[in-house]
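These notes are about the structure you will find just below.
Values quoted throughout were computed directly from the atomic coordinates according to the rules given, and no laboratory measurement underlies them. Keep in mind it's a predicted model, so treat the numbers as computed, not measured. Note: ideal-geometry Cβ built from the backbone for every residue, glycine included; neighbour counts use all protein chains shown.
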């Protein structure tokens, strides 16, 4: 009688899916905010955004670039935490 032994996952071996989800959502949100900073003039920004000015005509390019970079970094961290995909089946 042949018994297939499957490895039992350890308690700490589970991937932190909640942390990955939060990192991906924050990364996408940061990229969207960065694009808004780059495309909208200061007077058109939502009032809860830092840098809002009622009569300004300039764009906040530095804040936009930093927000986009932070979003990309968050997405990279989420991909690193997720680790490589394991393929099932044939190699």
- [ ] Mind giving me the nanometre distance, one decimal, between the label points for residue 81 and residue 39, set 7 Å out from Cα along Cα→Cβ?
- [x] 2.8
- [ ] Rank-order 42-50, 17-25 by packing density, defined as the average count of other C-beta atoms within 10 Å over each peptide's residues, highest first.
- [x] 17-25, 42-50
TODO: Can you tell me the relative contact order of region 23-82? Whole percent, Cα pairs under 8 Å, sequence separation 6 or more.
DONE: 48
- [ ] Obtain the radius of gyration and the Kirkwood radius of region 23-82 from its C-alpha atoms and give Rg over Rh.
- [x] 1.09
